[in-house]
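Working notes for the structure below.
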Amino acid sequence: IRKSSLPNFRCTNSFNKKRKNIISAIVFPESIKEEKTTQTQEEVDSVTLNHNNVSLNQIDERLLIAHAKSGAISVTLAWKNLNDLDLHCVDPFGEEIFYRNKKSRNSMGELDVDANASNYTNKPVENIFWSLPKQGKYDIYVNYFATHDSVNETPYTVKVAVNSVNKIFNGSIS
C-alpha cells in the first residue's frame, strides 16, 4: 500500500495477525478539522498509475452509478474483478461496520454500497460514510471474502475522503 501525506489526517499501515486478510489500518487525528484542502489531480493520479488499480475518476463514476452517499468522512473500496472483497471499519467506539453490521449505533457510520455478494460485476465498489463523524481512530480493513473469478489475486484501491480531501491507497489481496 502506498501512502501520501495530507494536512487534515494521518494514515498508517499495519497487519493484524489476529484477523485474517486485514490489509491496512488508517488513523484519523483526535480532531477533524473544518479546513478544506485539495490534492491536485496529478498527485492523486500518481498514486493510481498502476493499470491493475482503479483510478479516482473510475471510483467516482462507480459511486455515482451505485447511488452511494457521502459525508465528512467517506471510505471507498474498488477493484476490477468478480471476486468478493469486503470493506470493514472499526469506529472510535470499537463498533465494526461491515456487511453484517451496516450501520454503527454510536458513530452513525453506514455501509451503503456492498458489491459482489450476489450480483457480480467486474466494476465493484463498496462505500462507508459518516455525515457527522466523531473524533478518534477509524481502522479500515479490506477482507477477501470469496472467489467468483478465474483469478485469485485481487488488486484494489481504497479512497479515503476527509472534508473533501482524497487520499488513495493501492494494495493486493488473495
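Numbers at a glance
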quantity	calculated
Answer residue from segment 50-106, given it is acidic (Asp, Glu) and in contact with a His (Cβ under 8 Å, 6 or more places away or on another chain) and is farthest from Phe145 (Cα to Cα) among those	Glu96
Filter result (farther than 29 Å from Asn57 by Cβ, modelled with pLDDT under 90 and open to solvent by less than 30 Å² (accessible area, probe 1.4 Å)) within segment 91-140	Gly136
Within segment 141-150, considering residues that are within 10 Å of Asn83 (Cα to Cα) and within 16 Å of the chain's Cα centre (by Cα), the one least open to solvent (accessible area, probe 1.4 Å)	Tyr144
Test: residue in segment 77-85 that is among the basic types (Lys, Arg), under 19 Å from Val54 (Cα atoms) and open to solvent by 20 Å² or more (accessible area, probe 1.4 Å)	yes
Segment 89-137, residues that are in contact (Cβ under 8 Å) with a residue 40 or more places away in the chain, under 16 Å from Gly71 (Cβ atoms) and small (Gly, Ala, Ser)	Ser131, Gly136
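The values are calculated or read from the model by the stated rules, or taken from the named source; none is laboratory data. What you see is a predicted model, and the numbers here were worked out from it, not measured in a lab. Please note: Cβ atoms are built from the backbone with ideal geometry, for glycine as well, and neighbour counts cover all protein chains shown. These area figures cover heavy atoms from the full protein model, side chains too; ligands, DNA and RNA do not enter into them. Shrake-Rupley method; radii C 1.70, N 1.55, O 1.52, S 1.80 Å.
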